[in-house]
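These notes are about the structure you will find just below.
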Amino acid sequence: MNRMILYMLTLGTFLTGFAELAVVGILPIISKDAGISISQAGQLVTAFSLGFAVGTPIFVSLTQRISRRRLLAAALLVFAAGSLLSYFIAGYPAMLALRALIGASAGVYLTTALGALPKLMPAAGLGRAMSTVMMAFSAASVLGAPLGIALADGWSWRSIYLLLGAGALLVMLGVLRIMPDVEGDVPAGLGRQFAVLGRPGLAAGLLMSLLFSSGIALLNTYFVPFLQDILGLMPSYTGLTMLLLGLAGTLATRLGGGAADRRGPPAVILRSLAAMALALALMPFATFVFRTVAGGLASGLAVSAAWLLAYSVAIPAIQTYFVRIAPESANIVLGLNTSLLHLGVAIGSLTGGLLADATSTVRYHPWAGLAFALLSLSAGLASFAKGGVRENRPANAERPGRG
């Protein structure tokens, strides 16, 4: 596989992730400029996630006959059009509709890019390729809020959409120019997409992914107030701390893909979920026990970093796991998984908000995150026990029919 193709797909993934997360840090600015409430501005995030979660399986089903090259280009074109229209249109209903459109096109792009990798990459390098693409999404989650704030302060918040549209058009031209014409999957309707849920191991794996995403979003959405209000981190150091943690998480995502190739996805997933649960279980000790002693902030940051690194390692391993247990329907399964991941973001964010309203603090969010992590671990064990491990030998094992 031409490395330029992989890098082009990775850049497109960064844009889709950045589109989702760039507005999170500038909701007050959007609220003031558009004349809407903070909660209404927050619905722009929800609209994107719902568009991604609901639109992806529908459009993946309708476009399976289209070559991956043409479908990627079409998704980027719609993404660019939605972004550029968002730059010019100010009405709140139109803003919501365009955010949903951008989310759906982002979902189709990400699903198609991940589904094309097994047809472009040798089996031994699939996990590393997956981690490269997903590392871009992780990087977008790190840089989305800081870059969004910088653009909003230095130019305007709408300039984010202008840059997203221009970037998507450039990636589209690159895809059309250098990517081979990879064929699509065997045509299948929505019925067949959801029929894969009849496989117990796969259904349990998708449940694992949903719970995994929900638990991460529950704490991640309120991670800044957790750092400041509970751990006592000074606001002036918050940006740098988030950047350093995020960069470490991006590197961990890369390492997770290589580990999945060497050891097999199930082993990496189980270890990562167990490490997540342990870190979340230790967080209350950092907040309650160590807060009043020297080194309390350092211990809290260390445990938080361990949690972030653990889930970052799991991300590419989970993607690789689904490709390996359903290679004949990679796009279908990845489409369902990406939809569930974004549904998990909505569930986790909503749960975190309800918990914060009920308790007037984010002190108890690690406990709620721990519950999701343990449920995700249980679903993962069930998935592997019902056939997942047997179907997921490490990539370097010999497999019939693969060169």
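The values are calculated or read from the model by the stated rules, or taken from the named source; none is laboratory data. Being a predicted model, the structure only gives us computed values, none of them experimental. Please note: Cβ atoms are built from the backbone with ideal geometry, for glycine as well, and neighbour counts cover all protein chains shown. Only protein heavy atoms, including side chains, enter the accessible area calculation; ligands, DNA and RNA are left aside. Shrake-Rupley method; radii C 1.70, N 1.55, O 1.52, S 1.80 Å.
Condition first: farther than 27 Å from Ala314 by Cα, assigned to a helix (DSSP H, G or I) and within 23 Å of the chain's Cα centre (by Cα). Can you find one or more residues in segment 100-114 that meet it?
At the first step, the residues of segment 100-114 found to be farther than 27 Å from Ala314 by Cα are 100-101.
Those left that are additionally assigned to a helix (DSSP H, G or I): 100-101.
So of that shortlist, the ones also within 23 Å of the chain's Cα centre (by Cα) come out as 100-101.
Yes, some residue in segment 100-114 is farther than 27 Å from Ala314 by Cα, assigned to a helix (DSSP H, G or I) and within 23 Å of the chain's Cα centre (by Cα).
Do you know which residues across segment 253-271 are open to solvent by less than 10 Å² (accessible area, probe 1.4 Å) and either touching a Cys at 6+ places or on another chain (Cβ under 6 Å) or closer than 20 Å to Ala302 by Cα (or both)?
Once the filter is applied, which keeps residues that are open to solvent by less than 10 Å² (accessible area, probe 1.4 Å) and either touching a Cys at 6+ places or on another chain (Cβ under 6 Å) or closer than 20 Å to Ala302 by Cα (or both), segment 253-271 yields Thr253, Gly256.
Quick grid of which residues meet (1) surrounded by 14 or more Cβ atoms within 10 Å (Cβ to Cβ); (2) touching a His at 6+ places or on another chain (Cβ under 8 Å); (3) farther than 19 Å from Gln319 by Cα; (4) modelled with pLDDT under 80:
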site: Met130; (1), (2), (3), (4): yes, no, no, yes
site: Gly144; (1), (2), (3), (4): yes, no, yes, yes
site: Ile149; (1), (2), (3), (4): yes, no, yes, yes
site: Gly165; (1), (2), (3), (4): yes, no, yes, no
site: Gly174; (1), (2), (3), (4): yes, no, yes, no
site: Gly201; (1), (2), (3), (4): yes, no, no, no
site: Met208; (1), (2), (3), (4): yes, no, no, no
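Restricting the search to segment 65-80, which residues are open to solvent by 30 Å² or more (accessible area, probe 1.4 Å) and at pLDDT 90 or above? Lay out the reasoning, then the answer.
Our first condition is that a residue be open to solvent by 30 Å² or more (accessible area, probe 1.4 Å); within segment 65-80, this holds for 65-66, 69-70, 74, 77-78.
Across segment 65-80, the qualifying residues are Arg70, Ala74, Leu77, Val78.
In segment 81-125, how many residues are open to solvent by less than 10 Å² (accessible area, probe 1.4 Å) and aromatic (Phe, Trp, Tyr)?
Qualifying residue count, segment 81-125: 1.
Output the residues belonging to segment 1-26 that are of a type in the set (A, V, I, L, M), under 25 Å from Leu340 (Cα atoms) and at pLDDT below 85.
Result: Leu21, Ala22, Val23, Val24.
What are the pairs with Cβ atoms under 6 angstrom where one residue, in segment 225-249, is of a type in the set (Gly, Ala, Ser) and open to solvent by 40 Å² or more (accessible area, probe 1.4 Å) and the other, located anywhere, is at pLDDT below 80 and assigned to a helix (DSSP H, G or I)? Sequence gap at least six, or different chains.
As it stands, the answer is none, since no pair meets every condition given.
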